[in-house]
Amino acid sequence: MKDLNVPYKIYLEEKEIPTAWYNVRADMVNKPAPLIHPGTLQPLSFEDMQPIFCDELIRQELDDTTQMIPIPDEVLQFYKMYRPSPLIHAVFLERALDTPAHIFYKFEGNNTSGSHKLNSAIAQAYYAKKQGLKGVTTETGAGQWGTALSMACAFFKLDCKVYMVKVSYEQKPFRREVMRTYGASVTPSPSMDTNIGRKINEEYPGTTGSLGCAISEAVEAATSTPGYRYELGSVLNQVLLHQSIIGQETLAACKKYGIRPDIIIGCAGGGSNLGGLISPFMGEKLRGEADYRFIAVEPASCPSFTRGRFVYDFCDTGKVCPMAKMYTLGHGFIPSANHAGGLRYHGMSPILSQLYADGYIEARAVEQTSVFAAATTFARTEGILPAPESSHAIRVAIDEALRCKETGEEKTIIFGLTGTGYFDMTAYENYNNGNMTDYIPTDEDLEKGFAGIPNLPL
Ligand SMILES: *Cc1c(COP(=O)(O)O)cnc(C)c1O
């Protein structure tokens with residue numbers, strides 16, 4: 001019954017790698033709301049952003065109209081080190097689930113950084129170098145973004161300063177060492193080297209940090225060091241643009257082999273992999289050329305889409321960054337300490353937020369024990385040890401495939417397998433020992449986060 005006549009692993013040829021990124025904003029009727037200045041509440045201009053971001057990246061951030069943006073040659077060359085990434089037909093998983101559904105996954109973990117984040121890191125490092133900068137700063141939570149940017153900076157010979165959320169710095173010493181091997185300096189956050197780090201340490205003594213505070217520190221370091229800019233691995237429009245390479249390749253592979261997905265699923269932290277995977281398909285949907293269901297999967301312990309508010313909020317805890325209109329749990333929200341599955345950011349990409357508000361995307365929140373159960377099933381059938389983040393998408397892909405088993409529908413499901421989980425073995429250990437628990441924030445817990453959201457007349 002399963003003869004789709006496609007290879008188990010679909011690789012495009014090198015010459016078939018798309019040479020332009022796709023900008024989904026060009027096809028959106030309701031554009032994502034602009035970033036605004038927290039003082040003036042005015043949209044940020046090019047000049048406002050110049051002290052923080054590289055010039056070309058600001059142009060991309062602000063560009064709501066250019067549909068295709070050519071990928072620079074140097075970036076394409078680097079992409080060829082690990083791209084095209086395979087679209088894999090999950091036949092072993094299908095067999096184990098005994099489902100009539102066809103399941104495919106786009107695997108982005110085939111590079112040393114272990115995740116899709118390299119797709120944007122390369123572009124961002126390239127534009128910094130081209131502008132003649134000395135270095136860049138950034139934050140990293142679990143470590144994938146910091147690792148990716150370290151690799152990209154090594155390639156383009158740029159200095160890279162990473163502020164790593166303290167709890168990860170301590171729990172993931174090997175991630176830290178990978179970054180240092182690529183030449184980055186890694187500082188646990190909150191640190192005592194920045195004003196905002198000292199302030200956060202004073203306000204919350206003993207805090208193990210959050211992505212929001214690490215962002216504040218990295219921005220401060222960039223804006224106070226000549227020749228440096230800040231780079232961010234998710235959430236921003238430019239990052240979704242770079243990540244569209246995932247969707248462009250997936251769409252090309254689908255066209256080549258006659259695969260027609262019914263459902264496309266991705267995990268959602270800040271939204272970059274999901275946005276990148278679905279963008280070209282979303283473009284077809286927005287232009288009325290095809291129809292797909294898109295499902296964003298988030299942790300029940302950090303449920304921005306399913307329980308957050310669609311309002312302007314700060315992108316970081318320290319309130320040094322601009323504000324974005326997005327689904328948010330409040331910039332002060334810190335997920336429960338027992339949450340091991342990544343995807344801890346309080347907000348969500350403004351592009352995906354707008355598409356979700358307009359009804360183009362569905363969202364589902366899943367509990368971490370069920371995520372690790374799905375990860376285990378996947379590892380034992382397909383062989384790849386998935387990142388906990390990616391496993392949120394696996395969970396819902398399995399759920400949808402099991403639903404097909406009940407209804408007998410032969411749906412085609414594609415999900416994003418964003419990375420590998422070799423640096424997450426403490427979380428797997430907890431799961432294997434039966435020590436993993438679920439924590440779903442109560443409405444009261446969430447109210448505390450919402451209370452910190454500024455009340456703007458917007
Ligand atoms: C960072 C990361 C994510 C989540 O980030 P998005 O911007 O939502 O894509 C998911 N999976 C992996 C492996 C990651 O490293």
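The values are calculated or read from the model by the stated rules, or taken from the named source; none is laboratory data. Here the structure is a predicted model, which is why all the values come from computation and not from measurement. Using ideal geometry, Cβ is built from the backbone for each residue, glycine included, and neighbour counts are taken over all protein chains shown.
State all residues of segment 245-286 that are among the aromatic types (F, W, Y) and within 11 Å of the ligand (Cβ to nearest atom); if no residue qualifies, say none.
Passing the criteria: none in range.
Within segment 261-279, restricting attention to residues that are touching a helix residue (DSSP H, G or I) at 6+ places or on another chain (Cβ under 8 Å) and surrounded by fewer than 23 Cβ atoms within 10 Å (Cβ to Cβ), the residue that is nearest to V371 (Cα to Cα) is I263. State the number of residues belonging to segment 111-151 that are part of a loop (DSSP other than H, G, I, E, B) and either within 12 Å of the ligand (Cβ to nearest atom) or among the hydrophobic types (A, V, I, L, M, F, W, C) (or both). Looking only at that region, the number is 9.
Does segment 420-432 contain any residue that is within 12 Å of the ligand (Cβ to nearest atom), assigned to a helix (DSSP H, G or I), surrounded by 13 or more Cβ atoms within 10 Å (Cβ to Cβ) and of a type in the set (G, A, S)? Among the residues of segment 420-432, not one is within 12 Å of the ligand (Cβ to nearest atom), assigned to a helix (DSSP H, G or I), surrounded by 13 or more Cβ atoms within 10 Å (Cβ to Cβ) and of a type in the set (G, A, S), which makes the answer no.
If you take the residues of segment 92-107 that are out of contact with any strand residue (DSSP E or B) (no Cβ under 6 Å at 6 or more places or on another chain) and not in a helix (DSSP H, G or I), which of them is nearest to the ligand (Cβ to nearest atom)? In this case the residue turns out to be T99. Restricting the first member to segment 80-102 and to residues that are in contact (Cβ under 8 Å) with a residue 24 or more places away in the chain and under 26 Å from G114 (Cβ atoms), and the second to residues that are among the charged types (D, E, K, R) and part of a strand (DSSP E or B), the beta-carbon pairs closer than 6 Å and six or more apart or on different chains are P86/K9; L87/K106; I88/K9. Of the residues making up segment 28-51, just one is over 14 Å from M323 (Cα atoms) and surrounded by 16 or more Cβ atoms within 10 Å (Cβ to Cβ), namely M28. Taking segment 20-42 as the range and being within 27 Å of Y360 (Cβ to Cβ) and assigned to a loop (DSSP other than H, G, I, E, B) as the test, the residues that pass are N23, M28, V29, N30, K31, P32, A33, P34, L35. Against the numbered list (1) modelled with pLDDT of 95 or more; (2) over 12 Å from A218 (Cα atoms), Y163 comes up short only at (2). None of E406, E410 is away from the ligand (no atom under 16 Å from the Cβ), surrounded by fewer than 13 Cβ atoms within 10 Å (Cβ to Cβ) and at pLDDT 95 or above except E406. Only one of the listed residues (G359, G318, G283) is over 30 Å from A222 (Cα atoms), out of contact with any strand residue (DSSP E or B) (no Cβ under 8 Å at 6 or more places or on another chain) and either buried (at least 21 other Cβ atoms within 10 Å of the Cβ) or free of Cβ contacts under 8 Å to residues at least 40 places away in the same chain (or both). That residue is G359.
In summary, H37 fulfils each of the numbered conditions (1) at pLDDT below 95; (2) closer than 24 Å to K129 by Cα with the single exception of condition (2). Within segment 375-394, residues that are over 14 Å from K106 (Cβ atoms) and within 11 Å of the ligand (Cβ to nearest atom) reach partners that are of a type in the set (D, E, K, R) and outside any helix (DSSP H, G or I) with beta carbons closer than 8 Å, at six or more positions or on different chains, in the pairs H392/E298. Filtering A387, A365, A375, A397 for residues that are more than 30 Å from P322 (Cβ to Cβ), in contact with a helix residue (DSSP H, G or I) (Cβ under 7 Å, 6 or more places away or on another chain) and of a type in the set (G, A, S) leaves a single hit, A375. If you check L343, L329 for being on the phi > 0 side of the Ramachandran plot and in contact with a helix residue (DSSP H, G or I) (Cβ under 9 Å, 6 or more places away or on another chain), only one passes: L343.
The rows are residues; the columns are (1) surrounded by fewer than 24 Cβ atoms within 10 Å (Cβ to Cβ); (2) in contact with a helix residue (DSSP H, G or I) (Cβ under 8 Å, 6 or more places away or on another chain); (3) of a type outside the set (S, T, N, Q).
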{"site": "D73", "(1), (2), (3)": "yes, no, yes"}
{"site": "K80", "(1), (2), (3)": "yes, yes, yes"}
{"site": "R83", "(1), (2), (3)": "yes, yes, yes"}
{"site": "L118", "(1), (2), (3)": "no, yes, yes"}
{"site": "A125", "(1), (2), (3)": "no, yes, yes"}
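Screening E220, E298, E202, E289 for residues that are more than 16 Å from the ligand (Cβ to nearest atom) and in the same structural domain as Y360 (by TED's automatic domain parsing) leaves exactly one candidate, E289. Just one of the listed residues (M81, M28, M68) is modelled with pLDDT of 95 or more and farther than 17 Å from Q243 by Cα, namely M28.
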